Amino acid sequence: GMKDIMPRFQGLIESIRHVLRGLMAGADADKAKSIAVCGGRLDALAEALGTRNAGVNGTKLFDTLMEVRQAAKRLERIEEEIGKETGMDPNVIIEELRATDQ
């Protein structure tokens, strides 16, 4: 269930942070801005994933759950990318993260 998924995603979020930090090192100003935005999304995502009791209000909970499910799909794509032995594409990670606010 959801409970088993959380630790995995929290670990993954740490991995993504690590990747973003690495990207930041070699980034020009535009790319850096884009990466910073991703970092913000990542924090929001981590927060959404960490909300056990996301409001007493059912609708709020449902919204949060839907967001988390969307996020989960994206995180799995990112996880796949990070897991590649060779040819990891950091842009995939950035694209997926940027898409989390659509």
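Quick look at the numbers
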{"read-out": "Given (1) open to solvent by 60 Å² or more (accessible area, probe 1.4 Å); (2) modelled with pLDDT under 75; (3) small (Gly, Ala, Ser), index of the condition Gly87 fails", "value": "(2)"}
{"read-out": "Among (1) modelled with pLDDT of 80 or more; (2) open to solvent by 50 Å² or more (accessible area, probe 1.4 Å); (3) charged (D, E, K, R) - the single one Asp101 does not satisfy", "value": "(1)"}
{"read-out": "Boolean, Ala29 is at pLDDT 85 or above and farther than 19 Å from Ile93 by Cβ", "value": "yes"}
{"read-out": "Long-range neighbours under 7 Å by Cβ, at least six apart or interchain, first residue part of a helix (DSSP H, G or I) within the range 69-95, second open to solvent by less than 50 Å² (accessible area, probe 1.4 Å) and polar (S, T, N, Q)", "value": "Ala71/Thr100; Arg74/Thr100; Ile82/Ser15; Ile94/Ser34"}
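The values are calculated or read from the model by the stated rules, or taken from the named source; none is laboratory data. This is a predicted model, so every value here is computed, not measured. So basically every Cβ, Gly included, is an ideal-geometry build from the backbone, and we count neighbours across all protein chains shown. Calculation scope for accessible area: heavy atoms of the full protein, side chains included, ligands and nucleic acids excluded. Shrake-Rupley method; radii C 1.70, N 1.55, O 1.52, S 1.80 Å.
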